[in-house]
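First comes the structure, then the notes that go with it.
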Amino acid sequence: CTKKEDAIVLAQSVLEHVRTYFSADAESLLISSSNLFVLAQIAQHAKSIPLGWITENKITETAVEKFSQYSIVSLHQPFGFLDQQYVESIHKMGFHILTYTVNDLETAQQLKAIGVDGIFTDNMQLVK
């Protein structure tokens, strides 16, 4: 979404679908987006739904100030630049860290060892 009006419509549509199809489980959902404005709109209207921010950039404590008022509980980032020190710093800031797209067991195990909280994968054999 490049226009604020489009982002508002998108956020309203997502929340309408959550209320229609997932109302009993809304608090167990995690809605993620790379658009902070969309996340802000969702947080404004549904404070109890946890949010995840998809970003390809490393996060600093200064950046956290931008979105601290939202219900963001996790950062979703590519696994290529993650290391134990960075993962620990994210945890100290109070966030979970999920990474994408991990399709082999060795990488998944390495990420688990450095403290990553979860992975996104196209290989469902990894979750067995």
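The values are calculated or read from the model by the stated rules, or taken from the named source; none is laboratory data. Computed from a predicted model, the values in this text were never measured in an experiment. Each accessible area value is taken on the protein alone, full model and side chains, heavy atoms only, with ligands, DNA and RNA left out. Shrake-Rupley method; radii C 1.70, N 1.55, O 1.52, S 1.80 Å.
Observations on the model:
- With 10 Å bins from 0: P(r) over the range 28-84, alpha-carbon pairs, percent: 23, 55, 20, 2
- Helix runs (DSSP H) in the chain reaching 18 Å along axis by Cα, Kyte-Doolittle at least 0.5: none
- Helical contribution to [θ] at 222 nm, DSSP H n ≥ 4, -39,500 (n - 2.57), averaged over the chain, rounded to 500: -12500 deg cm²/dmol
- Ligands, DNA and RNA left out, the 1.4 Å accessible surface of the chain is 51% carbon and sulfur atoms.
- Rounded if a/c under 1.5, otherwise prolate or oblate - the range 54-128, Cα gyration tensor axes: prolate
- Mean accessible surface per residue for the chain, computed with a 1.4 Å probe while every protein chain stays in place, in Å²: 62
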